[in-house]
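> Can you read through this structure? Questions will come right after.
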Amino acid sequence: MRHLTPINQKARRIESTLEQDVVALQQGGPPQTGPHIPLGCSFVFSPGWEVDSSGGTAGLCQPVERDLFDCHLTCFWPAHVPDLYNYAPDWTAKCASAQKDWRKIDLIFP
Amino acid sequence: MNLRRGEFHSFHGGDGRFLYLVPSAAVIRLDDVSEAVLETLAAGDRSATELADSLGSRWSVDAVRSSIDELLGMRAIHTIAAPPPKPVAEKPKRRIPLQTLVLNVTSKCNLSCGYCYEYGEDKIVEASTKPRFMNEETAKQSVDFMFSEAGESPTVNLTFFGGETLLNFKMLKSALAYAKERAEPLGKQVNASLTTNATLLREEIIDWIVENDVGVTVSIDGAREQQDKFRVFSNGMGSYDLVVPNIKELLRRHRRRPVGARVTLTGQNLDVVSIYKHLYEELGFWEVGFAPVTTSWQREYAIEDAGFRQLLSGFQTLAAEFLDSALAGKRHGFSNVRDTLEEIHKGMSKAYPCGAGLGLMGVATDGDVALCHRFAGSDEHKLGSVFSGVDHSRQDEFLMKHHIANKTDCSTCWARPLCAGGCYHEAHTRYGSTVEPNLHYCEWIRAWTNTCLEVYGALADKKPEFLAQFD
């Protein structure tokens, strides 16, 4: 960091996690140690990932549930999907095809 | 996207300006750009572009943007769309091994200190309902319990407490010998300590303390006049003249482990500077720690608002002395500031005010296990027994109920990573419930924490090698 100096142990620990965090490619990113393999959805144009012009989700071109489904296995981004490893392993069990069955995805309340 | 200031406490130390971030408890030093970004945001939310524009006459867009990125990363600021997550009460992910077991070896005492929480007007346990002394069988069972609850911990701390601990010296000897015997095949280290009023320290006991490397804390309130106000025998006679020769002998002979003094402050005894000078400089204690008396508010010895202000100013004087000593490479024995500096340095952010019911438990004379020594013997605060083990469902229930996320009064306080609501016993005595935060000393805690942060900042600025001892 150029502007902030970590002083105590906790600050140093947080700083060390920042260095490994996801960095936009325009910023140069961390030094590359191997071939660059893009992962997840961010290199695919997939409308529906953002909020609409009013800041809500009503005007999106795909149902928001589809976004959830897209996040839950392949994407690195920490989207708000249920924890399928510990608490909600079956939350998509009734949804064979996201396009048709998205209404059947369970609502999970923490 | 607008940016907003996160939760932090800013402070100065030496020539630097620092942030104490909440709830992470990280301490960072700011440069001029970051300071200006935070000052601008103090007036209201701004976008990164607005910040770069308003600070453009002094810094480049790149400098402002990179400062914003770093402040975002440390969570000193956040976007208004992504506020920090609300804390959630959850029990520890893994069972916390028992690290310290405090044995209340007797509920009897040869002194009749007016403010005593065990015998005085605010007592929790009726002493007559329990055996007055812990017997050897219960003590051995406690040691077995300690090892079985300690899990993989390489070190266990066995602490003897009372009443007056040394009234049951015979049991102390056999319990510690048994603990060492049990520890050896397990490859564990037993670290023993005790608290005493020093009235009964005699040669045989000092021999045992020295031979066994027992850590000793002496309860003492200062010079004769201060000590004899409350720390008296049942006939009203003061204890100062009796304890001082014993303490001098102990300090002379027990050199391997530091001997500390533990002072109880009351509304009538608040001159911490003179108490410190007497105990550290004249008697030669390694360190001196102070704690306000635990009492309900209406007692005559309770510390009221003016008293807390006096106390703070005394603590600040000693903290300034501590800083001067540290900068000069000299030792200072004010343990309240040293302990807090260590917690700040480690970045402790507490879900609970202390280890009671977590890594520390107290055992009553009959073997009942409670939150800590102060609750030992109380059925309401019982967590199990050394004979039947810890009732983990009761422990979990206690931990969920007392998590800092459930203390709404604390939710906006920047000092909560260190305070977490304060002592359960104090809360129980003052408000009748361990769940209550100790609201009567919030202002004091914030002012004192700020003082410690300033000392920490000054050391980070002028003598960072001093802080390396806490790494």
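The values are calculated or read from the model by the stated rules, or taken from the named source; none is laboratory data. The structure presented is a predicted model; accordingly, all values stated were derived computationally and were not measured. We place every Cβ from the backbone using ideal geometry, glycine too, and count neighbours over all the protein chains shown.
> May I ask you to verify whether residue B:108 is more than 30 Å from residue B:367 (Cβ to Cβ) and either assigned to a loop (DSSP other than H, G, I, E, B) or within 28 Å of the chain's Cα centre (by Cα) (or both)?
no
> With the condition kept exactly as written, say whether any residue in the stretch B:56-64 is closer than 17 Å to residue A:1 by Cβ and of a type in the set (A, V, I, L, M).
yes
> For the subset of the stretch B:318-368 comprising residues that are farther than 27 Å from residue B:398 by Cβ and small (Gly, Ala, Ser), which member is farthest from the other protein chains (Cβ to nearest Cβ)?
Across the stretch B:318-368, the extreme among qualifying residues is B:333.
> Mind checking which residues of the stretch B:428-439 are more than 15 Å from the chain's Cα centre (by Cα) and surrounded by 20 or more Cβ atoms within 10 Å (Cβ to Cβ)?
Scanning the stretch B:428-439 gives B:428, B:429, B:430, B:434, B:437.
> Can I ask one more? Only one of these conditions is not met by residue B:377: (1) modelled with pLDDT under 95; (2) over 19 Å from residue B:143 (Cα atoms); (3) of a type outside the set (A, V, I, L, M); (4) in contact with a helix residue (DSSP H, G or I) (Cβ under 9 Å, 6 or more places away or on another chain). Which number is it?
(2) is the only condition that residue B:377 fails.
> Being basic (Lys, Arg) and within 30 Å of residue B:396 (Cβ to Cβ) is the filter; apply it to the stretch B:65-92 and report the residue that is farthest from the other protein chains (Cβ to nearest Cβ).
B:91
> Is it the case that residue B:214 is surrounded by fewer than 18 Cβ atoms within 10 Å (Cβ to Cβ) and either among the hydrophobic types (A, V, I, L, M, F, W, C) or not assigned by TED's automatic domain parsing to the domain that holds residue B:280 (or both)?
So residue B:214 fails the test.
> Restricting to the stretch B:22-37, what's the tally of residues that are in a helix (DSSP H, G or I) and either more than 11 Å from every other protein chain (Cβ to nearest Cβ) or of a type in the set (Gly, Ala, Ser) (or both)?
The number of residues fulfilling the criteria is 2.
> So which of B:319, B:291 ends up being over 27 Å from residue B:434 (Cα atoms) and either under 18 Å from the mean Cα position of the chain (by Cα) or part of a strand (DSSP E or B) (or both)?
One residue alone meets the criteria, B:319.
> Yes or no: residue B:228 under 17 Å from residue B:293 (Cβ atoms), touching a strand residue (DSSP E or B) at 6+ places or on another chain (Cβ under 7 Å) and surrounded by fewer than 19 Cβ atoms within 10 Å (Cβ to Cβ)?
So residue B:228 fits the description; yes.
> Let me ask you something else. Of the residues B:75, B:95, which is part of a loop (DSSP other than H, G, I, E, B), assigned by TED's automatic domain parsing to the domain that holds residue B:11 and among the basic types (Lys, Arg)?
B:75
> Pick out the one residue from B:51, B:41, B:19 that is away from every other protein chain (no Cβ under 11 Å), closer than 28 Å to residue B:419 by Cα, out of contact with any Asp or Glu (no Cβ under 9 Å at 6 or more places or on another chain) and surrounded by 15 or more Cβ atoms within 10 Å (Cβ to Cβ).
Going through B:51, B:41, B:19 in turn, just one is away from every other protein chain (no Cβ under 11 Å), closer than 28 Å to residue B:419 by Cα, out of contact with any Asp or Glu (no Cβ under 9 Å at 6 or more places or on another chain) and surrounded by 15 or more Cβ atoms within 10 Å (Cβ to Cβ): B:41.
> Moving on to the next point. Under the condition of being out of contact with any strand residue (DSSP E or B) (no Cβ under 7 Å at 6 or more places or on another chain) and in a helix (DSSP H, G or I), which residue from the stretch B:322-337 is farthest from residue B:459 (Cα to Cα)?
B:337
> Follow-up question, since we're still on this one. Taking the criterion of being farther than 30 Å from residue B:112 by Cβ, assigned to a strand (DSSP E or B) and not polar (S, T, N, Q), would at least one residue in the stretch B:183-198 satisfy it?
Yes, the stretch B:183-198 has at least one match.
> Is it the case that residue B:459 is at pLDDT below 95 and at negative phi?
So residue B:459 fails the test.
> Condition check: closer than 29 Å to residue B:6 by Cβ, charged (D, E, K, R) and more than 14 Å from every other protein chain (Cβ to nearest Cβ). Does residue B:462 satisfy that?
Taking the combined requirement at face value, the residue does not satisfy it.
> Helices (runs of 4 or more DSSP H) wholly in the stretch B:362-466 with at least 1 residues that are over 30 Å from residue B:328 (Cα atoms) and without any contact (Cβ under 8 Å) to a residue 40 or more places away in the chain - which ones?
Result: B:392-402, B:424-431, B:442-462.
> So, of the residues in the stretch B:1-16 that are under 19 Å from residue B:347 (Cβ atoms) and within 11 Å of another protein chain (Cβ to nearest Cβ), which turns out to be surrounded by the most Cβ atoms within 10 Å (Cβ to Cβ)?
The extreme case among them is B:13.
Conditions (1) in a strand (DSSP E or B); (2) among the small types (Gly, Ala, Ser); (3) within 17 Å of residue B:115 (Cβ to Cβ), marked per residue:
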{"site": "B:229", "(1), (2), (3)": "no, no, yes"}
{"site": "B:245", "(1), (2), (3)": "no, no, no"}
{"site": "B:265", "(1), (2), (3)": "yes, no, yes"}
{"site": "B:273", "(1), (2), (3)": "no, no, no"}
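> Looking only at residues in the stretch B:247-263 that are in contact (Cβ under 8 Å) with a residue 40 or more places away in the chain and assigned to a loop (DSSP other than H, G, I, E, B), which one is surrounded by the fewest Cβ atoms within 10 Å (Cβ to Cβ)?
Per the stated criteria, the residue is B:256.
> Restricting to the stretch B:276-322, and then to whatever is charged (D, E, K, R) and either touching a residue at least 12 places away in the same chain (Cβ under 8 Å) or more than 27 Å from residue B:425 (Cα to Cα) (or both), can you tell me which residue is surrounded by the most Cβ atoms within 10 Å (Cβ to Cβ)?
Applying the filter and picking the extreme gives B:287.
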